[in-house]
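Okay, so here's the structure we're looking at.
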Amino acid sequence: MPPCLHPVAECEVLFPAFDYISGEQFSVARCRRCAQVVTTPVPADIGKYYPAGYYGDKQGRRFPAVMEWLQEKLYAWRSGQVLRRLQRKNAKVLDIGCGRGLLLRAFQRNGCDVTGTEFSDGACRFAREVLKLPVRVGLLQELNFPDNSFDVVVMWHVLEHVSDPRPTLAEVSRILRPGGMFLVAVPNFGSPEARLAKAGWFHLDCPRHLSHHTSASLSRILGEAGLSPTWVSFLAPEYDNFSFVQSLLNWLGVRPNLLYNWLRSQSAKVVGGKRPLGSIVATALLVPVLGAISLPATLLLAFLNRGATLTITAVKKSPRKLP
């Protein structure tokens, strides 16, 4: 597979974007060479765009206790769903970009032999030191896992952090056993929420998100990697309602992601400085209204396959047997 470096001459700019943390300017563009929608330019040092509190405080917390509880319950449900479809006991599970390790722990509690990966020691400190999970540091292609070594591979809101996802998906396919399952979730760039808010879309998150996916584009590159989608969902309750509210606040001109930063625990905040009074008042007035609208709106969009998040379970195709 030839690498696609998304040359500037081959990129058609769709709209300008920005990093709400640093204020730096970027663009969202479609690469004519590989058809992938990407963030340009790709930062030479992407690590500097992840503030110290990005992965949570020392106790691994990022949000209020009720939100953390909801996420934990949903992770337990998702891991159980994957394993019920897999129908293999003592499954070997790899979580690429496991972060705090909460989803990986859910698989472990379901009796799986688990391994995680992260791009830095800081990113996986909570998973390693508090949850005592085995996590390896490095890019997937550098870790040299053996062929056909995992029953399940997970990339939960991680693939969008990769500028060219094709080599990563090829590596996922290589290390999955035939019939093994790949659980991948990404923001849905084709959703009405994304199309309306554009640079203000909560899930755009440039430059941490380097590639942007629709159901069609993700299914296409999965198929190219020998991974066959078997189940698709456009609903993720831990993200959808909040994303709906925050994206509309951004679109209406409130300081970008003010509510998101305010909800994060004190040592996990990613934006400092004073909060504009006008944005605070607007947020306080609009959140109850937008919050009431968000539940029926996100459920309807999910039912119509237009939700702001996209989850696909894909199966590695078994090699054809010669007659």
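Values quoted throughout were computed directly from the atomic coordinates according to the rules given, and no laboratory measurement underlies them. Note that the coordinates shown come from a computational prediction; the quantities given were computed from them, not determined experimentally. Please note: Cβ atoms are built from the backbone with ideal geometry, for glycine as well, and neighbour counts cover all protein chains shown.
Extension gain for L252-K317 works out to 18.8 nm (0.36 nm per residue, less the C-alpha to C-alpha distance). Listed from fewest to most Cβ neighbours within 10 Å, the set E238, E24 follows the order E24, E238. Amide H contacts of W231: T313, each under 5 Å away and 5 or more positions distant or on a separate chain (H built 1.01 Å from N in the peptide plane; Pro and chain starts excluded).
The stretch between L5 and K73 holds 20.6 nm of extra length on full extension. This uses 0.36 nm per residue minus the Cα-Cα distance. Taking other C-beta atoms within 10 angstrom as a stand-in for reagent exposure, W77, W231 fall in the order W77, W231, fewest first. In terms of overall dimensions, region 123-236 has a Cα radius of gyration and Dmax of 15.3, 44 angstrom. Can you spot the aspartates and glutamates whose alpha carbon is less than 13 Å from K89's alpha carbon? Ignore those fewer than 8 places along the same chain. Hits, sequence-local ones excluded: D113, D151.
The smallest convex shape that holds all Cα atoms of region 145-302, its convex hull, gives 130 Å³ per residue. Working note: Karplus 6.51/-1.76/1.60 with θ = phi - 60° gives region 216-221 the couplings 5, 5, 5, 4, 5, 6 Hz, where Gly and Pro are set to x. How far apart, in nm, are the 7 Å Cα→Cβ label points at V13 and K198? Rounded to a tenth, the inter-label distance reads 1.2 nm. Each label point was placed 7 Å from the Cα along the Cα-to-Cβ direction; for R136 and V42 their separation is 2.2 nm. Between helix 277-303 and the chain there is an angle of about 40 degrees, using the helix long axis and the longest principal axis of the Cα atoms. In the chain, the inverse of the mean reciprocal separation of distinct Cα atoms equals 20.4 Å; this is its Kirkwood hydrodynamic radius. The orientation-averaged projection of the convex hull spanning the C-alpha atoms of region 139-204 amounts to 5.1 square nanometres. Residues of region 101-145 with an amide N closer than 14 Å to a point placed 7 Å from the Cα of N90 along the Cα-to-Cβ direction: 111-114. Could you tell me which of the pairs K48/K274; K132/K274; K73/K269 are separated by over 32 angstrom between their Cα atoms in the structure shown? As for pairs spanning more than 32 Å Cα to Cα, those are K132/K274.
Left without a cysteine partner by the 4.7 Å Cβ rule in the chain: C11, C31, C98, C112, C124, C206. Fully extending the segment from S120 to S228, taken as 0.36 nm per residue of separation minus the present Cα-Cα distance, adds 35.8 nm. In units of the compact-protein estimate 2.2 N^0.38 Å, region 79-140 shows a Cα radius of gyration of 1.09. Stokes-Einstein diffusion for region 17-146, with the hydrodynamic radius set to the Kirkwood value over Cα pairs and evaluated at 10 °C in a medium of 1.306 mPa s, equals 94 µm²/s.
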